[in-house]
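Report on the structure given below.
The values are calculated or read from the model by the stated rules, or taken from the named source; none is laboratory data. None of the values given here were measured: they were computed from a predicted structure. Positions of Cβ are backbone-derived with ideal geometry, glycine not excepted, and every protein chain shown enters the neighbour counts. Quick note on the areas: whole protein, heavy atoms, side chains included, nothing else; ligands and nucleic acids left out. Shrake-Rupley method; radii C 1.70, N 1.55, O 1.52, S 1.80 Å.
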Amino acid sequence: MSRQLISSGSPFEAQVGYSRAVVQGDWCFVAGTTGTDPETKTMPDSVVEQGRNALKVIGRALEEAGFSFADVVRVTYYITDAAYWDVMGDIAGPTFGDIRPAASCVVAGLVKPDMKIEIEVTAFKG
């Protein structure tokens, strides 16, 4: 079974030693993705904008791997403030509303103070 590594071009991938996504057989595992704007490389202040940016990067990784959001079976959200749960529908609803993958949300600190959300997904085609 072949293994495919997907890169988003983030300098952290080589520095820390991870891939944006790994495809193994019918599975695609997308690493935790924060909200840096993929075009401007800046971090917006809004948790909603950060979440939407993270989903853009995740969507590109899924597409490059031959998957789509429709294949997502699991999503984990890491947020730095429990109050951000109140806007999760604005972040995830447009993407996952009809797909409804299994989901978890964890309130935790992230590696940089301006990061408010990190999202990771697992997709399956089988």
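Points worth noting:
- Residues within the stretch 96-117 that are surrounded by 10 or more Cβ atoms within 10 Å (Cβ to Cβ), of a type in the set (A, V, I, L, M), within 26 Å of SER68 (Cα to Cα) and free of Cβ contacts under 8 Å to residues at least 40 places away in the same chain, tallied: 3
- Listed by position, the strands (runs of 3 or more DSSP E) inside the stretch 66-126 whose residues that are over 22 Å from PHE12 (Cβ atoms) and out of contact with any Cys (no Cβ under 6 Å at 6 or more places or on another chain) number at least 2 are 72-79, 102-107.
- Taking the stretch 81-95 as the range and being open to solvent by 50 Å² or more (accessible area, probe 1.4 Å) and of a type in the set (A, V, I, L, M) as the test, the residues that pass are ALA82, ALA83.
- Here GLY66 qualifies as open to solvent by 20 Å² or more (accessible area, probe 1.4 Å) and among the small types (Gly, Ala, Ser).
- The set of residues from the stretch 50-88 being farther than 25 Å from GLN24 by Cα, of a type outside the set (Val, Ile, Thr) and over 13 Å from the mean Cα position of the chain (by Cα) comprises ASP81, ALA82, ALA83, TYR84, TRP85, ASP86, MET88.
- Taking the numbered list (1) in contact (Cβ under 8 Å) with a residue 40 or more places away in the chain; (2) outside any helix (DSSP H, G or I); (3) of a type in the set (Ser, Thr, Tyr) in turn, THR40 passes all entries but (1).
- Residue in the stretch 23-32 that is among the polar types (S, T, N, Q), open to solvent by less than 80 Å² (accessible area, probe 1.4 Å) and within 16 Å of the chain's Cα centre (by Cα) present: no
- Filter result (open to solvent by 70 Å² or more (accessible area, probe 1.4 Å) and polar (S, T, N, Q)) within the stretch 33-44: THR40, THR42
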